[in-house]
Every structure is written in structure tokens, then in C-alpha cells.
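The values are calculated or read from the model by the stated rules, or taken from the named source; none is laboratory data. In this text, all values refer to a predicted model and were calculated from it rather than measured experimentally. With ideal geometry, Cβ positions are generated from the backbone for all residues, glycine too; neighbour counts draw on all protein chains shown. Side chains are part of the model used for accessible areas, which takes the heavy atoms of the whole protein and leaves out ligands, DNA and RNA. Shrake-Rupley method; radii C 1.70, N 1.55, O 1.52, S 1.80 Å.
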Amino acid sequence: MGWQFDPAKDEINVAKHGVSLALGALIFLDEAHLLLPSIRPIDGEDRFKVVGMISGKLYTAVHVCRGDVVRFISVRRSNDGEERLYHSA
């Protein structure tokens with residue numbers, strides 16, 4: 001599986017959330033990570049959230065799958081609802 005993101009979008013993500021989109025790949029290393037659909041008709045394609053632990057903190061990455069490539073759209077600290085889902089799974 002490959003990883004990719006738009007460098008301009010990465011700069012926006014760092015400014016907004018304080019982390020690089022590249023961090024999203026690390027979320028998949030958490031064996032207990034959750035993969036959730038994030039379907040919104042306005043997006044025009046199937047998006048997903050992955051929630052997982054990195055260095056003791058929960059992060060969420062929104063991404064799309066294009067063949068064997070995961071393209072990250074956003075990476076941030078998980079919100080309260082995502083944390084509840086992760087700990088209840």
C-alpha cells in the first residue's frame with residue numbers, strides 16, 4: 001500500500017492542526033485502529049476515517065483509496081466522539 005498527499009494541502013493541515021499529513025500512515029500501524037466510512041454526497045467519492053493511537057494519543061485521518069494508494073486529506077487529533085468509538089470497539 002502506498003501513501004500520498006498534496007504538499008499544498010499538507011501546509012494547510014500543519015497550520016490548522018499542527019501535524020503533517022504524513023502522520024496519517026502511522027495511524028495504520030496501530031493494530032487496534034478503526035476504519036470508518038465518512039460518506040458525504042458533496043465529496044463525490046467514498047472517504048474514510050481511520051482512528052488510531054500514535055505515541056499514546058489518538059489521531060484521525062480522513063482519506064480516500066485510489067487503487068493501492070491511500071491519499072490523505074486531513075490528519076488531526078481525534079475528537080471526543082472518535083475517542084469513544086475507538087475505546088468501545
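Of all the residues that make up the range 49-87, how many are part of a loop (DSSP other than H, G, I, E, B) and either modelled with pLDDT of 95 or more or of a type in the set (Ser, Thr, Tyr) (or both)? Show your work before the answer.
Let us first name the residues in the range 49-87 that are part of a loop (DSSP other than H, G, I, E, B), namely 55-56, 67-68, 78-79.
Filter once more, keeping what is either modelled with pLDDT of 95 or more or of a type in the set (Ser, Thr, Tyr) (or both): 55-56, 78-79.
Summing the residues that are part of a loop (DSSP other than H, G, I, E, B) and either modelled with pLDDT of 95 or more or of a type in the set (Ser, Thr, Tyr) (or both) in the range 49-87 gives 4.
May I ask you to list pairs of residues, at least six apart or on different chains, whose Cβ atoms are under 6 Å apart, with the first in the range 24-44 being farther than 15 Å from Arg71 by Cα and the second being of a type in the set (D, E, K, R) and modelled with pLDDT of 85 or more?
Listed pairs, sorted by first residue: Leu36/Lys49.
Kindly indicate whether Ala25 is open to solvent by 50 Å² or more (accessible area, probe 1.4 Å), among the small types (Gly, Ala, Ser), outside any strand (DSSP E or B) and at negative phi.
no
Scan the range 47-72 for residues that are open to solvent by 20 Å² or more (accessible area, probe 1.4 Å) and under 11 Å from Leu34 (Cβ atoms) and jot them down.
Once the filter is applied, which keeps residues that are open to solvent by 20 Å² or more (accessible area, probe 1.4 Å) and under 11 Å from Leu34 (Cβ atoms), the range 47-72 yields Phe48, Lys49, Met53.
Scan (1) of a type outside the set (Gly, Ala, Ser); (2) under 18 Å from Trp3 (Cα atoms); (3) surrounded by fewer than 18 Cβ atoms within 10 Å (Cβ to Cβ) for the single condition Val75 breaks and write down its number.
(3)
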